[in-house]
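Engineer: First, the structure itself, so that you have it in front of you.
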Amino acid sequence: MYEATIQNKVYCHGVGLHSGNDIEMELLPASEGTGIVFIRGDLGDVRILASSDYLIPTHLSTTLGIGGVTVRTVEHLLAAISALDIRNIIIRLDGPEVPALDGSAAPFVSLLLEAGVVCQRKTRPYVEFLRPVGVSAMGKYITIHPSPTFDISYKIHFDHPVVSTQDYFYRHTSEAFIKEIAPARTFGFLKDIPLLQSQGHALGGSLENAIVIGDDNILNKEGLRFPDEFVRHKIVDLIGDISLLGMSIRGRIEAFCSGHMLHAELIREVLRDRKAWTTAYEEAPRFFSEENMPSFSPV
Ligand SMILES: [Zn+2]
């Protein structure tokens with residue numbers, strides 16, 4: 001349980017799912033204690049820390065903002081960063097949104113692994129839950145229960161034959177994330193697109209970066225990556241959103257039809273209910289030498 005960063009800087013570019021802008025993104029190593037920091041290079045290098053303090057809840061994606069400057073659709077990148085246990089990284093963007101790439105977290109995992117993940121010397125705490133904490137709204141809910149491991153049990157129900165009811169149990173490790181969760185793409189319904197676009201959303205959405213669901217089929221010729229890709233993607237979103245707590249979790253999350261708004265409410269409730277959890281550190285060697293310097297290999 002050490003902090004980690006990336007070894008080298010890496011670049012990518014692509015269209016923003018909602019803004020439709022073509023955006024360049026640079027990922028850079030950062031020293032211990034930096035955290036995950038977005039920089040809007042196009043707006044005089046305004047820095048926005050990936051923390052619940054700067055979370056602006058919206059239904060369609062996760063936005064961080066400070067003083068009117070925002071970065072949108074951060075959740076898939078944050079999921080990849082947190083699943084690889086990276087605590088310190090600079091994300092420099094020349095636009096208002098993280099590129100969508102293929103709509104999943106997999107290209108971000110590849111980019112981070114290409115950059116190399118290196119362990120740092122500072123230990124990082126984890127949150128251990130002492131009693132359940134949860135939030136609910138209109139039949140939807142999300143609760144964290146005490147558990148020695150980080151598990152997610154997610155269930156969705158859409159009144160649509162293609163999605164219908166799906167549930168998935170996930171036990172978190174970097175390897176499990178890479179294999180089971182990261183490739184699952186975001187999805188949307190064809191019938192919703194005109195309204196979303198009239199409101200300035202999904203302007204960069206396409207079959208290249210989202211699963212598009214028609215009346216009784218999906219429009220993507222290549223088909224699904226998993227039969228239950230939809231619920232797996234909800235787990236991508238949750239891992240990205242919950243990472244804004246800033247600490248690893250030991251707990252079992254149970255979610256039913258949750259989304260970005262409820263994830264944000266859960267974070268607020270966890271921070272409010274301070275007696276429901278405690279923080280702890282893994283035991284670490286007191287002094288480092290070449291022999292006991294921790295190494296990290298996510299795959
Ligand atoms: Zn998503």
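What follows is calculated from the coordinates using simple rules that are stated; it is not laboratory data. Note that the structure is a prediction, hence the values are computed from the model and not measured. Positions of Cβ are generated from backbone atoms using ideal geometry, with glycine treated the same way; all protein chains shown enter the neighbour counts.
Engineer: Which of the GluC sites (Glu not before Pro) found in segment 160-224 are loop residues per DSSP with 10 or fewer other Cβ atoms within 10 Å of their Cβ?
Structural biologist: E222
Engineer: Which aspartates and glutamates, if any, have their Cα less than 20 Å from the Cα of K179, not counting same-chain residues under 8 positions apart?
Structural biologist: Cross-link targets: E75, D85, D102, E114, D151, D167, E222, D228, E229, D237, D241.
Engineer: Continuing with the same structure: Using the Cα centre as the reference, give the magnitude of the dipole from point charges on the C-beta atoms of the chain (Lys, Arg: +1; Asp, Glu: -1; all else neutral), rounded to the nearest 20 debye.
Structural biologist: 740
Engineer: Please report the spacing between the Cα centers of segment 1-33 and segment 192-209 in Å, no decimals.
Structural biologist: Between the Cα centres of segment 1-33 and segment 192-209 lies a distance of 24 Å.
Engineer: In segment 126-280, how does Rg compare with the Kirkwood Rh, expressed as the Rg/Rh ratio over alpha carbon atoms?
Structural biologist: Taking Rg over the Kirkwood Rh, I get 1.00.
Engineer: Once Lys and Arg get +1 and Asp and Glu get -1 on their Cβ, which of A264, G20, Y170 lies farthest toward the positive end of the dipole of the chain?
Structural biologist: The residue sitting farthest along the positive end of the dipole is A264.
Engineer: Continuing with the same structure: Rounded to the nearest 20 Debye, what is the dipole magnitude of segment 1-112 about its Cα centre when Lys and Arg each give +1 and Asp and Glu each give -1 at the C-beta?
Structural biologist: The dipole of segment 1-112 has a size of about 100 debye.
Engineer: Follow-up question, since we're still on this one. Per 5 Å bin, what percent of the C-alpha pairs of segment 197-258 does each bin hold, from zero upward?
Structural biologist: Calculated P(r), rounded to whole percents: 4, 12, 18, 20, 19, 14, 9, 5, 0.
Engineer: Among E282, E269, which comes first, then next, by fewest other beta-carbon atoms within 10 Å?
Structural biologist: Going from sparsest to densest Cβ surroundings: E282, E269.
Engineer: Against the empirical 2.2 N^0.38 Å scaling, what ratio does the C-alpha Rg of the chain come to?
Structural biologist: Rounded to two decimals, the normalised Rg is 0.97.
Engineer: Rounded to the nearest 0.05, what FRET efficiency is calculated for L203 and L271 with R0 set to 35 Å and r the Cβ-Cβ distance?
Structural biologist: 0.60
Engineer: Is the C-alpha gyration tensor of segment 2-123 telling us rounded, prolate or oblate? Criteria: a/c under 1.5 is rounded; beyond that, a/b larger than b/c is prolate, otherwise oblate.
Structural biologist: prolate
Engineer: If you take the charge dipole of segment 25-166 about its Cα centre, with +1 on Lys and Arg Cβ and -1 on Asp and Glu Cβ, which of A80, V127, Y154 is farthest toward its positive end?
Structural biologist: Of the listed residues, the answer is V127.
Engineer: In segment 2-123, if the dipole is taken from +1 on Lys/Arg beta carbons and -1 on Asp/Glu beta carbons about the Cα centre, which of V37, S61, Y11 is farthest to the positive end?
Structural biologist: With unit charges placed on the Cβ atoms, the residue in question is V37.
Engineer: Separate question: Is any residue of segment 73-97 close enough, with backbone N under 17 Å, to a label point placed 7 angstrom from the Cα of D45 along the Cα-Cβ axis, and if so, which?
Structural biologist: Residues 89-95 qualify, since their backbone N sits under 17 Å from the label point.
Engineer: Also, quick follow-up: What is the projected area of the convex hull of the Cα atoms of segment 52-104, averaged over all directions, in nm²?
Structural biologist: Over every viewing direction, the Cα hull of segment 52-104 projects on average to 4.3 nm².
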